[in-house]
1. Let me see the P(r) profile for segment 49-106: every Cα-Cα distance counted, bins of 10 Å, each bin given as a percent of all pairs.
2. Along the charge dipole of segment 88-134, which of GLN125, ALA90, THR100 sits closest to the positive end, that is, farthest toward it, with unit charges on the beta carbon of Lys, Arg, Asp and Glu (+1, +1, -1, -1)?
3. So for the pair ILE40, SER76, with labels modelled 7 Å out along Cα→Cβ, what separation do we get in nm?
4. Through the Karplus equation 6.51 cos²θ - 1.76 cosθ + 1.60, θ set to phi - 60°, convert the phi angles of segment 108-115 into ³J(HN,Hα) values in whole Hz; use x for Gly and Pro.
5. From Cα pairs below 8 angstrom and at least 6 apart in sequence, can you work out the relative contact order of segment 49-106, rounded to a whole percent?
6. Around VAL93, which amide H atoms from residues at least 5 apart in sequence, or from another chain, sit under 5 Å from its own amide H, with H modelled in the peptide plane?
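Coordinate-derived values only; no laboratory data. This one's a predicted model, so the numbers in the text were calculated from it and none came from an experiment. Cβ placement follows ideal geometry from the backbone for every residue including glycine, while neighbour counts extend to all protein chains displayed.
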Amino acid sequence: MRLAALRADTAAPCASMNVWLYSLLGGEMTDFSTQLLERIADRLKAIADPMRLRILHTLQAGEHNVNDILGLVGSSQANVSKHLAVLKKAGLVDCRREGTSIFYFISDPEVFDICRICCDGLERQINADRTAIEQGRAEMMGGHT
């Protein structure tokens, strides 16, 4: 499938993924698959910050205005605004204006799937470490626990 055809075919989002997967399996990297990788990296970079994760998890419960977010995450307005702009640019949050207040909300709830996958992986790693420590301790104690 040609690059122009992929861009024009917005009804078939899996087509772009097929090109990307093909490239991972040894096919030629197209401009489109390179752009896709960059967009994936940008989205992952957007959540790769503890303050942005705090903001996302604060908004998971529902929309909040900036003042509410400030109180919940414990940071300055300038810092929170900067992080909200990054999250908005990545398409993870959006906002609406109500009078003089701006309310932010999660626009892509699937971001929490990424967080869940990371937490599950950390849990598996911690459990494996715990098992290794317990086995090492048992060996050091001559089989006595």
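1. It works out to 25, 65, 10, 0, in whole percents.
2. THR100
3. For ILE40 paired with SER76, the spin-label model returns 3.7 nm.
4. 9, x, 5, 4, 6, 5, 5, 4
5. Values: 61 pairs, mean separation 24.1, N = 58.
Here the relative contact order equals 42 percent.
6. LYS88, SER107
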